Amino acid sequence: MSQLTYQESPVVVEMSLPQVVSREEWLSARRGLLAKEQELIRRRAALNSDRRQLPMVRVEKDYTFEGPRGNVGLATLFGGCRQLIVQHFMFDPSWDAGCPTCSAASDELSDGLLARLRERDTALAAVSLAPIAKIMAYQAWNGWTFPWYSSFGSDFNYDFHVTLDETVAPVVYNYQSKAEILAGDEANDLVVADVPVEVPGISCFLRVGDDIYHTYSTYADDVDQLSYARIFLELTALGNR
C-alpha cells in the first residue's frame, strides 16, 4: 500500500467583523435572536420526536464484515448494546487513504464520546468498503480507537446506498432514484459517474431479542451537522434519554 501522506490545505476565509453597538442595542438584538433560537429548539424537539416514531424494518440479510479479528455479523457490531450507529466512512477499495471529510469527523470520535454512547446502551462503529488491511493501516496512522469494519465483498454498502455503482445495484441517492434525480432541477454528478462513487452516511439500528431493525439513515449535508454524542443519540429510535 502506498504511504499515507494526505494533508489538508488551510482555508482562509475573510469575514467582516460584527457591528459595534451599545450594551442596550446588543441586548435588544440578543433577545430577538433568542426568540428565533427557542423556536428552533421547539421545532427540533418535534422533529426528534417524529424521528423516534419513524417505522422500522427488519434486517433480513446476513451481512458479513471483516474486522481485526476476522469475520463477524451485524449483531457483533452492537457490542452487546441495544442500539448501533454506523458511520458509513467513505473509503473506496482503490484508495490509499480515507475521505478527508469523514476523517475530520472521525477525529471527534473519542473514547469519552464512545463511553457516553454506551451509557445510553448505544454502540458506534465505522464501516467502509475498503479491505480491512487498508482500514487498519489508516486507523493506526490517525491514532483512532473506535471500532471499524470492512464491508468488502458484501451487499451492505450497496443496500444502504453509500456506494453508488449501477453495475452492482440500482443507484439511489438520498432516497431518490437516478431517474428522479435526473428529472429534477439540480444536476447531481454522483448518479451519472462511470465509476463507483462513495457517499457519506449515518445509519441506526435497534436490536430486539435476536432480531435487528433498521430505524434511520441520513445522507448528504445532514451528515456534516453531526458532531457529539447528544446529536448522535437524537438520531436513534430511543433518543437522548
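The values are calculated or read from the model by the stated rules, or taken from the named source; none is laboratory data. Owing to the predicted nature of the structure, the values given are computational and were not obtained by experimental measurement. Backbone-built Cβ (ideal geometry, glycine too); neighbour counts: all protein chains shown.
Quick look at the numbers
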| read-out | value |
| --- | --- |
| Only one of PRO200, PRO131 that is assigned by TED's automatic domain parsing to the domain that holds MET90 and modelled with pLDDT of 95 or more | PRO131 |
| Members of region 114-131 that are more than 23 Å from GLN83 (Cβ to Cβ) and crowded, with 19+ Cβ neighbours inside 10 Å | LEU129, ALA130 |
